[in-house]
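Reading through the structure tokens given below for one structure.
The values are calculated or read from the model by the stated rules, or taken from the named source; none is laboratory data. Here the structure is a predicted model, which means the values were calculated and not measured. Every residue, glycine as well, gets a Cβ built from its backbone with ideal geometry; the counts of neighbours run over all protein chains shown. Accessible surface is based on the protein model in full, side chains and every heavy atom, while ligands, DNA and RNA are left aside. Shrake-Rupley method; radii C 1.70, N 1.55, O 1.52, S 1.80 Å.
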Amino acid sequence: MKYFMLGIEIKPNIAHISLAELEKMGKLCAVITQNIDGLHQEAGSARVIELHGSLRNAICASCKRQYNLTEIIKRYGNAAPRCESCGGLLKPDIVFFGEPLNERVLSEAIDYASRSKVMIAIGTSLSVSPANYMPVYAKRNGAKLFIINDSPGEEDSMADIIIRERVEVALPELLSIINNRRLK
Ligand SMILES: [Zn+2]
């Protein structure tokens with residue numbers, strides 16, 4: 001459990017913060033992520049779809065009731081935490097290797113991807129399923145695909161625009177371009 005507490009103490013970076021700003025400006029509908037660190041929410045993003053779950057939450061293995069993981073750790077320490085509703089064991093609400101994804105989360109991600117006009121794939125080589133399918137859903141429905149990554153990736157040939165740059169550099173830059181345009 002100490003491991004998870006360490007994870008929670010990591011802070012959002014300028015890329016997370018830029019995405020939260022874009023959402024507040026009404027330029028970004030949602031973030032679809034395979035990260036489990038909860039940093040997008042901490043940076044201020046409201047609509048975050050976490051394909052592999054989140055270390056911020058615990059879930060009952062039996063009835064699927066959700067809890068805040070930090071509070072559970074505070075309350076139970078090293079003892080095995082139990083569900084208040086059914087007494088089932090609680091586990092971090094993340095998808096472990098070989099486990100199926102949460103279907104509701106996946107269909108929400110596909111829905112956003114399919115309805116997007118622009119999809120920006122950020123800081124990923126798009127090699128892990130199902131995140132790598134999201135650009136396919138977007139493109140199939142007529143969206144433009146931007147890729148921001150400092151190294152080549154598997155979906156580069158699908159991209160309309162590739163920005164070969166670190167996300168911590170490219171996203172603040174994108175934000176300032178949009179801001180300047182609004183001031184004029
Ligand atoms: Zn339960």
Taking the criterion of being away from the ligand (no atom under 16 Å from the Cβ), among the small types (Gly, Ala, Ser) and outside the structural domain of residue 130 (by TED's automatic domain parsing), would at least one residue in segment 101-109 satisfy it?
no
Which of the residues that make up segment 75-90 are open to solvent by 80 Å² or more (accessible area, probe 1.4 Å) and either among the polar types (S, T, N, Q) or away from the ligand (no atom under 15 Å from the Cβ) (or both)?
75, 78
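Counting just the residues of segment 46-69 that are away from the ligand (no atom under 16 Å from the Cβ) and open to solvent by less than 10 Å² (accessible area, probe 1.4 Å), which one comes out nearest to residue 131 (Cα to Cα)?
Result: 51.
In segment 92-108, which residues are open to solvent by 60 Å² or more (accessible area, probe 1.4 Å) and in contact (Cβ under 8 Å) with a residue 12 or more places away in the chain?
Answer for segment 92-108, where residues must be open to solvent by 60 Å² or more (accessible area, probe 1.4 Å) and in contact (Cβ under 8 Å) with a residue 12 or more places away in the chain: 102, 108.
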Assuming residue 72 fulfils every condition listed in (1) part of a helix (DSSP H, G or I); (2) open to solvent by 50 Å² or more (accessible area, probe 1.4 Å); (3) within 15 Å of the ligand (Cβ to nearest atom) apart from one, which condition is it?
(2)
